[in-house]
Amino acid sequence: MLNANKMDIVGHIYIAITIILTVYGQLVIKWQVVEMKTTSGGLSQKILFILSCFANPWILSGLAGAFFAAVAWMLAMTRFELSYAYPFTSLGFVGVTVFSMVFLHESLNLNTIVGTTFVIIGLIILSR
């Protein structure tokens, strides 16, 4: 049965692992596909590009991160109701935004700042 106690530390650790691994996977995959510099060729070149992605150890680690994030999420679902736990996944958006600026040198604009702020405020409201 689901634990109604919102202070369930183990459950929150599972959620944190889910978020961390999801953010890791997104950043690593983006980093590597940009490094691989796909061509704008036809279908056969796109298929070769995708196949070469599956041979890239970094991309494989990003996919493994996504798999283990799903495992951690399943464990979190044994501890919380979905309506409580799911809003926390929005922290993935915040993490990707922040770390893509830091590590991938992506730009930040007013819309991103306002949107990210609303995500955080929404999470605070939903988690109470």
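Key figures for this structure:
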{"quantity": "Neighbour-count ranking [beta-carbon atoms within 10 angstrom, fewest first] of Ile113, Ile13", "calculated": "Ile113, Ile13"}
{"quantity": "Tilt relative to the chain, helix 110-126 - C-alpha long axis, 0 to 90 degrees, to 10", "calculated": "30 degrees"}
{"quantity": "Which of Arg128, Arg79 has the fewest Cβ neighbours within 10 Å, and the rest in rising order", "calculated": "Arg128, Arg79"}
{"quantity": "Sorted by Cβ density within 10 Å, fewest first, the residues Thr22, Thr97", "calculated": "Thr97, Thr22"}
{"quantity": "Angle in degrees between helix 9-36 and the longest Cα principal axis of the chain, rounded to the nearest 10", "calculated": "10 degrees"}
{"quantity": "GNM flexibility winner over the chain from Ala69, Ala55, Ala16 (Cα, springs under 10 Å)", "calculated": "Ala55"}
{"quantity": "Read-out semi-axes √(5λ) of the Cα gyration tensor in Å, derived from the coordinates shown; its label in [x] 32, 20, 11; [y] 28, 18, 13; [z] 18, 17, 16", "calculated": "[x]"}
{"quantity": "Global geometry of segment 58-128, whether rounded, prolate or oblate, following the gyration tensor of its Cα atoms and the 1.5 cut on a/c", "calculated": "oblate"}
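Only the coordinates and a few stated rules stand behind these numbers; no lab work does. What you see is a predicted model, and the numbers here were worked out from it, not measured in a lab. Don't worry about glycine lacking a Cβ; one is built from the backbone with ideal geometry, like all the others, and counts go over all protein chains shown.
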